[in-house]
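To start, the structure itself, in C-alpha cells.
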Protein chains: 2
Amino acid sequence: MTDSASAPTQARQLFSTVTQDGALELDLRDVPVPTPTGDQLLVRVEATPINPSDLAVLLSAADPSGFTAFGASARSPIPEAARRFTAARAGHSLPVGNEGAGTVIAAGEDPAAQALIGKTVAAAGGSFYAQYKLLRAHDCLVLPDGVSAAEGASSFVNPLTALGMVGTMRREGYRGLVHTAAASNLGQMLVKLTQAEGVPLVCIVRNQAQADLLRGLGATHVVDSTTPDFMGQLIEAIAQTQAFLAFDAIGGGKLAGQILTAMEQAALRTQPANGPYGSSQMKQVYIYGRLSTEPTEIGHNFGMKWGVGGWLLTPYLQSAGIEEVARMRARVAAEIRTTFASAYTARITLDGAIQPDTIAAYARRATGEKYLIMPNA
Amino acid sequence: MTDSASAPTQARQLFSTVTQDGALELDLRDVPVPTPTGDQLLVRVEATPINPSDLAVLLSAADPSGFTAFGASARSPIPEAARRFTAARAGHSLPVGNEGAGTVIAAGEDPAAQALIGKTVAAAGGSFYAQYKLLRAHDCLVLPDGVSAAEGASSFVNPLTALGMVGTMRREGYRGLVHTAAASNLGQMLVKLTQAEGVPLVCIVRNQAQADLLRGLGATHVVDSTTPDFMGQLIEAIAQTQAFLAFDAIGGGKLAGQILTAMEQAALRTQPANGPYGSSQMKQVYIYGRLSTEPTEIGHNFGMKWGVGGWLLTPYLQSAGIEEVARMRARVAAEIRTTFASAYTARITLDGAIQPDTIAAYARRATGEKYLIMPNA
C-alpha cells in the first residue's frame, strides 16, 4: 500500500446511540484511521449530505428540538411510546452517513486502487460522517475532472432514486408519474430526468415559490396542494398525463389517498366504472419517505384497483441487476452537473452537526433546505 | 326450446336507482319473462343471498336507516358529499343480486341445455333479485342431487373468494394467512379450507362468541381485537404461523395498520432490522371488503417492506385461467354442504327486501348475520 503523508493516525467520526435509559446521543469520537490493503482506498471525506434517510439513523425517534449539549456530545429524550421500536438499537453506537465524496489519499497494492490516488471519488454505504473512510475501489464512482467533492457528494441516493422511479414505472407498465414534495433536490432531478426520457410527470408542491422553481426547470404539470382547487387541478393533470403511479415522500396525512382519488376520477373520464368497484385502472402510490410522521389516512373513493406501499432503493437496485446499476452510475457521473446536480442551503462541520440549534434546523426537512457536512473543513 | 307450463309471461324483479334529485330508490317491477333459446336456461330463482358486494349496488351511498316506503318502492337520501361518486349511476335502474340458485324450468334447443331441465343449479353474474333469470348452461353449477337452492345459493362469491385467498397466498409466496371479520360465513369457510390445505390461519374476531364459534370449527389461532392484549396475542399468533399476508373485510379504521405492525414485530423475532427500514420481510394487507367506511389509518411502525391494496375476486379469477376456475367450481359443488356451507339468520321475500325496517337490518352487515332472499316464496 501507499501511505500518504497527509493521513493522521486518529480522526473524528460521528456516532448515534440509543442509550439504555431511553435517550438518543450523538457524539464525535477519535477513531483510528485504517490502512488500505488490496483494492481498498483511504478517502478523505470532504462532503457528505444529510439526507432524510440519514436523519432516520441519526435521530431515530428522538425529539429533534429537545437536544442539549454535553461536551462533545448531544442528547435528546426518546418518547416513551417509541421506545419499543428503538429497543433493538439500544447500547449500539451506529455510524451515520449514507453517501459522500472526497479525495483518495492512500490505496492498497492493487493497481486499480493505486491508479485512483489523488482522484475525487463518490460512494455510498454508510459511515460517511467521518473525516476518513475506507472504501473498495470498485464501489467508488470516479468523478469527472474538475467536479468537486461538494458537487459529487450526492451521487447515489437521490440520482439512483430518481432513476429507480422511472425504472419502476416502466417495469410495472405505467406511463407517467406523480411526485410529491416535488421541489426537493430529488424532485428537481426527476423533472430534468423525465424531460430527457419523455415521461409525463405531475409535480405536487406546497407553495407558489416551489411551483415557480419547477416551472423554471421546464415542468409543465405543477399542482399546489395548498390552493383551493388542488383536487380539480390534480385530476386534470393526471387525466392529461395518464400518470397512475405516484412516489410520495410525505407518507403521513391524507395526500396519498387524495392522489388515489384523483387518479380514479381521471380514469373514469375515459372508462366506465365496474359497478361499485370503480375503474379497472390500477392505481399505485409508493411511499418512499416520511416527511410527515402522522398516520397515513386513506379514504375509499377510488374503487378496488389500488395499492399503497413502501418503496426502497436498495431492493430496486438488487432486482435491477449489476449491469443496469453500472449504467445508472455511469449516467450519474456524466450528468452530475446537469440532470443530477444538487444544491445545499447550508454547509456545516462535524462539530456543527451535533449542535442542538443546528440539529433542530436540519431535522425540519423543509423542502428545498438541504445540509452538507464538510468533515475536514 | 321447451317451454314449461309453470313460467308466467311477467314476473317481479328488484331494481336500484340513483335518482336525479339525489336519492336512492329501490323498487319492484313486473318485467317480461324471457324465452330461452340455444344453450340458454330459464331458472326460477329460489334463493339468492345478500352479500356485502350486493349491498354496494343495492344501497349505494344512501343512508340505510333513512328509507321510507312509497307504494312498491322505498327511498333514502344520498348525502351531498357522496353524490359526485354516485353521479355516474344517476337515472340508470340497476338490477341487483350477484348470485343465486333455483330450478331450471325451461331450456333452449341445445341438448346440453335440455338435459338440465328440472335440475337445481347455482350461478353468478347479476340480477338474481328476481323471480326468473335467463342463464347460459355452461355458466351454471349443477348442484348435487338433494342439495336445495337455499343450500346452493352462495356457491360462488364466498367459496371462490376463500379459494382465491389461498391461491393468492401461494402465488405471492406467503406461507400463512391473517383474516379479519373471521367469523363471517366466508371466514368459517376459510377455517375449514385452510385446515384441509394445511395452511396456517390467524383469525381476528370482535367478541368471545365469535372466537368460540371458530374454535369449535377447529381454528387454532383466534385473536379478539376487543381484548386489552390484542396486539400481544396477534404478534404471537403471526410469529407462530409466519402469516405475512392478510385479507381484511373491514377496510376502515386502524386494523390494517395494526396487522402490519404485528407482522413486523413477529418478523423481527427471527431477523434483524435493516437499519431504520425495518425487517426485510414483505408484509401485505389486501382489503376485500368495506364493513367500515371510515378512512383507513395506517401508521409507520413496520419498516418499508409493506403494501396495502384492494383485492377483488373477478381479476383473480381472470388471472387464474379457465381450467383452474373449473376445478375451483367443481370443488365447491362437491363440498357445498361441508367446507363451503353457508348459514342464514333470516329468509325474506322480494317484498321484504324493500321494507325500510328490513333494509336497516340487513345493511348492518353484522358478522354472522346473513340474509337470504327467496323470490318465489
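The values are calculated or read from the model by the stated rules, or taken from the named source; none is laboratory data. Bear in mind that the values here come from a model prediction, so they are computed numbers and not experimental data. Here Cβ is always computed from backbone atoms with ideal geometry, including for glycine, and neighbour counts include all displayed protein chains. When the accessible area is computed, the model is the full protein with side chains, heavy atoms only, and any ligands, DNA or RNA have been set aside. Shrake-Rupley method; radii C 1.70, N 1.55, O 1.52, S 1.80 Å.
The angle between the Cα long axis of helix A:185-197 and the main principal axis of chain A comes to about 60°, on a 0 to 90 degree scale. Counting only protein chain heavy atoms and rolling a 1.4 Å probe, the accessible areas of A:179, B:138, A:221, B:300 rank, largest first, as B:138, B:300, A:221, A:179. Sequentially through segment B:259-264, phi angles give Karplus couplings (6.51, -1.76, 1.60; θ = phi - 60°) of 5, 4, 4, 5, 4, 5 Hz, Gly and Pro residues having no value and appearing as x.
What is the antiparallel percent of DSSP beta bridges lying wholly in segment A:157-316, to the nearest 5?
So the antiparallel bridges amount to about 0 percent of the total.
Compactness ratio for the protein assembly as shown: Cα radius of gyration over 2.2 N^0.38 Å (N = residue count) comes to 1.12.
With all pairs of different C-alpha atoms in the average, the Kirkwood value for the hydrodynamic radius of segment A:221-359 is 18.0 Å.
Once the Kirkwood radius over Cα pairs is known for chain A, the Stokes-Einstein relation at 4 °C and 1.567 mPa s delivers a diffusion coefficient of 59 µm²/s. Counting only protein heavy atoms and using a 1.4 Å probe, the accessible area of residue A:127 comes to about 30 Å². Step through the residues of segment B:130-139 one at a time and calculate ³J(HN,Hα) from phi using the Karplus curve (6.51 cos²θ - 1.76 cosθ + 1.60, θ = phi - 60°), rounding each to whole Hz and writing x for Gly and Pro. Those phi angles translate into 7, 7, 9, 9, 8, 9, 8, 3, 6, 8 Hz.
Dividing the summed -39500 (n - 2.57) terms of all DSSP H runs of n ≥ 4 by the residue count of chain A sets its mean residue ellipticity at 222 nm at -8500 deg cm²/dmol.
Charge dipole of segment A:218-346 (Cα centre as origin; +1 on each Lys and Arg Cβ, -1 on each Asp and Glu Cβ, all else neutral): 280 debye, rounded to the nearest 20.
P(r) tail, segment A:157-316: Cα-Cα pairs separated by more than 21 Å, 40% of all pairs. Calculate what fraction, in whole %, of the accessible area of segment B:157-316 sits on carbon and sulfur atoms when a 1.4 Å probe is rolled over the protein chains. Of all accessible area on segment B:157-316, carbon and sulfur atoms account for 50 percent. Loop-located trypsin sites (Lys or Arg not before Pro) across segment B:319-377 with a Cβ neighbour count of 15 or fewer within 10 Å are B:337, B:364, with loop assigned by DSSP.
Amide hydrogen proximity for residue A:45: with H placed 1.01 Å from N in the peptide plane, the residues at 5 or more positions away or on another chain lying under 5 Å are A:132, A:133. With protein chains left intact and a 1.4 Å probe, residues in chain A average 39 Å² of accessible area per residue. Taking every DSSP bridge with both residues inside chain A, close to 65 percent are antiparallel. Solvent-accessible area lost on pairing B with A (1.4 Å probe, both sides summed) amounts to about 2800 Å². Couplings 3J(HN,Hα) of segment A:207-214, computed from phi: 7, 5, 4, 5, 4, 4, 4, 5 Hz, in residue order, whole Hz [Karplus 6.51 cos²θ - 1.76 cosθ + 1.60, θ = phi - 60°; x for Gly and Pro]. The angle between the Cα long axis of helix B:322-334 and the longest principal axis of the Cα atoms of chain B comes to about 80 degrees, rounded to the nearest 10. Close amide H partners of residue B:223, meaning residues 5 or more places away or on another chain with modelled amide H under 5 Å apart, are B:203, B:204, B:205. Here the extension length gained between residue A:230 and residue A:109 equals 37.6 nm, from 0.36 nm per residue of separation less the Cα-Cα distance. Once the Cβ-Cβ distance of residue A:334 and residue B:6 is raised to the sixth power relative to R0 = 60 Å, the FRET efficiency obtained is 0.15.
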